[in-house]
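What follows is calculated from the coordinates using simple rules that are stated; it is not laboratory data. Owing to the predicted nature of the structure, the values given are computational and were not obtained by experimental measurement. Here the Cβ is made from the backbone with ideal geometry for all residues, glycine too, and neighbour counts use every protein chain on show.
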Amino acid sequence: MDGKHCSYGSNHGSSLPRRTLIRMIASAGGLAGLARFGGLRSARAQALSGKITVGYEGGNQLIADVVKQAIDAITSANPGVEIEVQEGAAGNYATQLFLSLSSGDAPDVFLTTGLAMGDFATPGLIEPLDAYLESWDGWQQYPDNVRAGIMIGDKSWALPYAIDTHFIYYRKDLFDQAGSTPDWQPSTPDEILSTARALLGLGSDVIPYGLYAGANGGNSTVVRGFLPLLYAYGGALTDESGKWIIESCPIQQALAYYETAYQVDKTVPQEAMTSSNPTGTLRSALAAGELGILYDGCWVYGGWLRDDPDVTNEQIGFTLHPTADGRPPFAVGAVGNTWYMNAKSASKPLAWEVIKTINSREAHVQLNTMDPHIPARSDAAADPAFQATPFLAAMVDSMSSLVIAPPNPAFRQLIGVIQSATGIVATGESTPAEAMTRYGEEMTRILGEENVVKQPCP
């Protein structure tokens, strides 16, 4: 795989310069307390030897800095080992990794999205970590819902440092102009729609609502569009036996919501689906005060905060997603950035030492305050740094409200099915009932009749 390489041996013992990080932290909400952390630490491990490579997508300076800290700590404590950094080409890094794992030239340790776990685990391309985790004192800091998020079968396949959460973001200034309360917590999905209708009165310069749909929305159509609505109406992707649900009241209700927003109320313009980059377009529009409501990831707020802290703090509200039946509000959760071990690594003890060191409490705090996510470790989430701003506190508090679907090798195959179902409703090509029928047919074709189930409405 093409990439940038840099080797670190025992003669590279300098600690990470922290001025850039601290300046960024201060501009993002006054978290300069992180300066109390020194470099990461690694114990001298008996018989630890060998040479490995550590890979991650290029252009991520936060990861590059923490990786360097970990490598410095390991090589200083264990003379003779050599660890090489391999920065992958920016782009679809998970696909690059799959190809390099298949051809045998992937890094020994690598970082990519948790969404790829099934693709790597099912063909045996990555090493299960259970034997290492069970003897590591840090493992007790990973709560049950995080542990469940890295299990396929009865094995744990990776170790995340970040857990994704989501909020409904909204512009307080636009709400005020439309006569809605700036301190908003919708009680049902219908209340989101009614609030969006109120924003229609602000004129053509304001987009009331952004709802991801269709193919151009990518994975946002699934995770930040369809899934929160499915969960809100009491649905799920799979039943208790693991079969994929292809027909249910919640599926039809979620698609009917799309019809109302796009076709009936027209609070979501077609451009929200058909533009070449809907995620970038809608996120920028909310930041500019041109969009009223958007369900999106926790990390998006961090970008807004870095670009314009005053407007972000004063005008962008955030709240959990409501349910339709009186259940508590929730957030769609997912295992985010995750470390994996190559099953073909010739130096697995050294590879584990990297994963262990790079997943210290200090590293989790450092990474997840700079790029807002919930730390996968409970002791990191309890750090005072996450109480420094209302957003970070709300982000960590949402952990108890997360709905995290277990990893499933079939999930990535079904993204296109969900994109199609939402897209044909949003454009008015099909009714919700017709779209659900096509959804079921496509799911059955991909998965096989033995792996799907219908839950007809009573």
Given H placed on each backbone N at 1.01 Å, which residues far from Thr112 in sequence or on other chains put an amide H within less than 5 Å of it? Thr338, Tyr340
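Sort Met370, Met395 so the one with the fewest other Cβ atoms within 10 Å of its own Cβ comes first.
By the 10 Å Cβ count, ascending, the order reads Met370, Met395.
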For a label point 7 angstrom out from the Cα of Ser378 toward its Cβ, which stretches of segment 131-168 have the backbone nitrogen within less than 13 Å? 138-147
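In segment 170-271, which GluC sites (Glu not before Pro) are in a loop and have at most 13 other Cβ atoms within 10 Å, using DSSP for the loop call? Walk me through the numbers before you get to the answer.
Numbers: sites: Glu191, Glu240, Glu247, Glu259, Glu271; in loops: Glu240.
Listed in order of number, the matching sites are Glu240.
Place the peptides 176-188, 420-432 in order of packing, highest mean first, counting for every residue the other Cβ atoms within 10 Å and averaging per peptide. All intermediate terms of the calculation are to be shown ahead of the outcome.
Details: 176-188: 13.8, 420-432: 20.8.
Descending mean neighbour count gives 420-432, 176-188.
Rounded to the nearest 20 debye, what is the charge dipole size of the chain about its Cα centre when +1 sits on each Lys and Arg Cβ and -1 on each Asp and Glu Cβ? Please list the in-between numbers first.
Values: 29 positive and 48 negative charges, 203 e Å.
Its charge dipole is roughly 980 debye.
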Please report, in debye to the nearest 20, how large the charge dipole of segment 249-352 is about its Cα centre when each Lys and Arg carries +1 at its beta carbon and each Asp and Glu carries -1 there. 700
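Determine the gain in length on full extension of the stretch Asn92-Gln177; use 0.36 nm per residue of separation and subtract their C-alpha separation, reporting nm with one decimal. Before the final figure, lay out each step's value.
On the way: separation 85, 0.36 × 85 = 30.60 nm, distance 4.13 nm.
Using 0.36 nm per residue and subtracting the Cα-Cα distance, I get 26.5 nm.
Relative contact order of the chain: what whole-number percent is it, with Cα pairs under 8 angstrom and at least 6 residues apart?
On the way: 868 pairs, mean separation 114.9, N = 458.
Relative CO of the chain lands at 25 percent.
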Along each principal axis of its Cα atoms, how long is segment 281-332 end to end? Whole angstroms, biggest number first, please. 37, 18, 17
Working from Cα positions, state the angle (0 to 90°, nearest 10) between the long axis of helix 432-447 and the longest principal axis of the chain. 30
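Of Lys51/Lys155; Lys172/Lys266; Lys172/Lys454; Lys68/Lys243; Lys68/Lys344, which ones are farther than 32 Å apart at the Cα? Can you show the working numbers first?
Details: Lys51/Lys155 26 Å; Lys172/Lys266 21 Å; Lys172/Lys454 42 Å; Lys68/Lys243 43 Å; Lys68/Lys344 23 Å.
Distance filter (> 32 Å) returns Lys172/Lys454; Lys68/Lys243.
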Beta bridge orientation in the chain: antiparallel %, DSSP, nearest 5: 60
Quick one: helix 249-259 against the long Cα principal axis of the chain, what's the angle to the nearest 10°, folded into 0 to 90? 70
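Between beta-carbons, use under 13 Å as the cut-off and find the net charge around Val223, counting Lys and Arg +1, Asp and Glu -1.
Working: positive: Arg224, Arg412; negative: Asp164, Asp296.
After counting each charged neighbour, the total is 0.
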In sequence order, calculated HN-Hα J values of segment 279-291 (Karplus, 6.51, -1.76, 1.60; Hz; x Gly/Pro): 5, x, 5, 6, 5, 5, 5, 5, 4, 7, x, 9, 10
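Express the Stokes-Einstein translational diffusion coefficient of segment 391-458 in µm² s⁻¹, to the nearest whole number, given a Kirkwood radius over alpha-carbon pairs, 37 °C and a viscosity of 0.692 mPa s.
Details: Rh = 14.5 Å.
In µm²/s, the coefficient rounds to 227.
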Karplus ³J(HN,Hα) for segment 76-85 (6.51 cos²θ - 1.76 cosθ + 1.60, θ = phi - 60°; Hz, whole; x = Gly/Pro) runs 5, 7, 9, x, x, 7, 10, 10, 10, 8
If you line up the long axis of helix 411-426 against the longest principal axis of the chain, both from Cα atoms, how many degrees apart are they, to the nearest 10? 20
Given the options Pro349, Tyr161, Pro384, identify the residue whose Cα lies farthest towards the positive end of the charge dipole of the chain (+1 on Cβ of Lys, Arg; -1 on Cβ of Asp, Glu). Pro349
Distance between modelled label sites at Glu434 and Asp397, nm, 7 Å Cα→Cβ extension: 4.5
Taking H placed 1.01 Å from N in the peptide plane, check which residues at least 5 places from Thr238 or on another chain put their amide H under 5 Å from its amide H. Ile245
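List the equivalent ellipsoid semi-axes of segment 210-367 in whole Å, largest first, each obtained as the square root of 5λ for an eigenvalue λ of the Cα gyration tensor.
They are 32, 24, 16 Å, listed largest first.
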Given Cβ charges of +1 for Lys and Arg and -1 for Asp and Glu, the option among Leu125, Ala73, Thr427 whose Cα lies farthest towards the positive end of the dipole of the chain is Ala73
Residue by residue through segment 140-150, the couplings from Karplus 6.51 cos²θ - 1.76 cosθ + 1.60 with θ = phi - 60°, in Hz, x for Gly and Pro, are 5, 8, 9, x, 4, 5, 6, 4, 5, x, 10
Note down the magnitude of the dipole of segment 352-437 about its Cα centre, charges +1 on Lys and Arg C-beta and -1 on Asp and Glu C-beta and zero elsewhere, to the nearest 20 debye. 160
Dipole of the chain, positive end: most advanced residue of Gln86, Val396, Ala288 [Cβ charges, Cα centre]: Gln86
